[in-house]
Amino acid sequence: MFDLAIIGGGPAGYVAAERAGAKGLSVVLFEKKDLGGVCLNEGCIPTKTLLYSAKTYDNAVHGDKYGVFVENVSFDFGKMMARKNKVVRKLVAGVGAKMKAHHVEVVKGDAFIKGRSAEGIEITSGENAFLAKNLLICTGSEAFVPPIPGLKESGDVILTNREILALKEQPASLVIIGGGVIGMEFASFFNSLGTKVTVIEMLPEILTGMDTEMSVLLREMYAKKGIEFNLSAKVTAVNGTEVSYEKDGQTFTVSGDKILVSVGRRAVTQGFGLENLGVELLKGGIKVDEKMRTNIPNVFAAGDVTGFSLLAHTASREGEVVVNNLTGGKDVMRYNAIPGVVYTNPEISGVGLTEEAAKAKNIAVKVAKLPMAYAGRFVAENEGGSGLCKVIVGEKHGEVLGVHMLGNPSSEMIYGACMAIEAELTLKELKEVVFPHPTVSEIFKETAFEF
């Protein structure tokens with residue numbers, strides 16, 4: 001009898017297993033593929049590794065702006081991919097070592113929920129049966145492939161995030177259906193390497209959910225770099241390497257050696273016996289409360305399978321909430337300070353309310369913004385570059401409600417804004433915090449003084 005059984009070894013599952021093991025619970029973790037889940041094997045880590053290679057190449061190509069001249073700059077696509085695989089292997093091994101260190105029993109194989117009885121929750125994997133007091137479901141999500149006519153018939157021309165990370169050769173041209181985070185990160189990577197990139201987005205702007213002003217600025221930057229954007233455009237058919245779409249009542253066609261489909265992801269709720277427990281679903285994901293409890297006692301869910309906040313760091317925190325409550329703590333999941341980052345070059349990072357969200361929720365706010373060039377370090381390291389910092393505070397109390405940045409290295413600075421929102425810092429309190437100089441992070445404090 002285990003204290004906790006976890007199905008799925010992604011950022012929700014393995015972090016929960018580690019925390020539970022560290023607190024003395026007996027844990028069994030089921031993973032049918034590799035530890036780390038989609039994030040580590042087919043998402044966050046491999047894409048960031050490739051994007052860093054592209055950024056390094058960009059820096060070499062444009063080194064003359066900094067007085068550095070490199071002749072005959074070139075890259076090796078195969079070696080970029082090989083390094084990506086090496087990084088993934090290293091980190092997967094690291095997760096495995098953590099499981100071992102915290103005495104987590106890892107079962108490599110499919111898990112199937114047989115049901116629950118007075119004794120506990122029974123799970124099988126192969127010919128082995130396991131019994132647990134509590135069950136945490138972390139089965140994640142999978143790429144959603146829309147029913148576009150001709151899509152399936154186009155064969156290996158069609159890629160999702162999984163297949164594009166396994167390419168052996170760089171495509172000369174790439175059509176990306178969907179201008180969300182995944183689509184834009186791959187657009188950035190291949191654009192840097194010289195691939196002709198076309199993005200088709202159904203909505204009026206790319207990067208839905210991010211601050212719209214930042215999204216517009218980033219799109220304009222990449223349009224100058226040669227990416228073609230087709231917004232408010234609905235894909236109607238795929239025929240081999242050709243994509244047809246409708247825009248303003250007219251039909252257009254664009255072709256690419258490869259076609260990346262990145263229109264979203266959906267929760268994995270089938271294939272592992274969830275129906276044997278009678279767990280309630282909501283909008284395609286598992287319905288949970290603020291403690292990540294399902295409608296069935298002792299059954300929890302965390303990560304993408306809830307269908308709510310499909311981010312690795314959200315998943316990890318949700319897993320921690322489950323473990324904290326199982327071990328006597330009082331913890332609830334809060335979503336008001338979940339950061340989001342788009343690892344393009346430059347990066348977009350944001351946390352908390354956007355101006356659009358505040359307006360939709362009728363929250364009275366004040367907004368201040370400053371160009372990134374107000375931070376000396378940014379000017380020193382971004383010749384000819386531009387960026388923006390925006391701070392959103394409550395109109396009445398001046399508490400920090402949202403911070404949004406366009407510019408490098410915003411991904412490494414946004415955590416400060418997360419802490420400000422979590423701690424309910426006011427403008428007055430923020431202004432009294434000492435930031436190191438010279439750093440790009442000072443832009444956060446400088447913007448606070450604009451109110």
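Data overview
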quantity	calculated
Matching residues in the range 36-84 - criterion: being within 21 Å of residue 412 (Cβ to Cβ) and acidic (Asp, Glu)	58
Selection from the range 298-311 of residues that are surrounded by fewer than 22 Cβ atoms within 10 Å (Cβ to Cβ) and out of contact with any Lys or Arg (no Cβ under 8 Å at 6 or more places or on another chain)	308, 309, 311
Given (1) out of contact with any helix residue (DSSP H, G or I) (no Cβ under 6 Å at 6 or more places or on another chain); (2) among the β-branched types (Val, Ile, Thr); (3) in a helix (DSSP H, G or I), number of the condition residue 87 does not satisfy	(1)
Matching residues, the range 172-194, being surrounded by 22 or more Cβ atoms within 10 Å (Cβ to Cβ) and either assigned to a loop (DSSP other than H, G, I, E, B) or of a type in the set (Val, Ile, Thr) (or both)	175, 176, 177, 178, 179, 181, 182
Count - residues of the range 358-401 that are over 15 Å from residue 450 (Cα atoms) and either of a type in the set (Val, Ile, Thr) or in contact with a strand residue (DSSP E or B) (Cβ under 8 Å, 6 or more places away or on another chain) (or both)	8
The range 393-414, residues that are more than 26 Å from residue 222 (Cα to Cα) and not in a loop (DSSP other than H, G, I, E, B)	393, 394, 399, 400, 401
Set 201, 205, 213: member being out of contact with any strand residue (DSSP E or B) (no Cβ under 8 Å at 6 or more places or on another chain), modelled with pLDDT of 95 or more and outside the structural domain of residue 84 (by TED's automatic domain parsing)	205
Qualifying positions in the range 195-214 - more than 18 Å from residue 259 (Cα to Cα) and either surrounded by 19 or more Cβ atoms within 10 Å (Cβ to Cβ) or not charged (D, E, K, R) (or both)	203, 204, 207, 208, 209, 210, 211, 212, 214
Close pairs (8 angstrom Cβ cut-off, 6 or more residues apart or separate chains): more than 16 Å from residue 198 (Cα to Cα) in the range 151-176, in a loop (DSSP other than H, G, I, E, B) and polar (S, T, N, Q) anywhere	154/241; 161/262
Selected residue (only one of 57, 52, 14 is assigned by TED's automatic domain parsing to the domain that holds residue 122, in a helix (DSSP H, G or I), among the aromatic types (Phe, Trp, Tyr) and buried (at least 21 other Cβ atoms within 10 Å of the Cβ))	14
Residue among 262, 316 that is under 30 Å from residue 197 (Cβ atoms) and hydroxyl-bearing (Ser, Thr, Tyr)	262
All positions within the range 102-124 that are in a loop (DSSP other than H, G, I, E, B) and not hydroxyl-bearing (Ser, Thr, Tyr)	102, 103, 109, 110, 111, 118, 119, 120
Enumeration of residues in the range 265-276 that are assigned to a loop (DSSP other than H, G, I, E, B) and surrounded by fewer than 19 Cβ atoms within 10 Å (Cβ to Cβ)	270, 271, 273
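The values are calculated or read from the model by the stated rules, or taken from the named source; none is laboratory data. Everything numeric in this text was worked out from a predicted model, so none of it was measured. Positions of Cβ are generated from backbone atoms using ideal geometry, with glycine treated the same way; all protein chains shown enter the neighbour counts.
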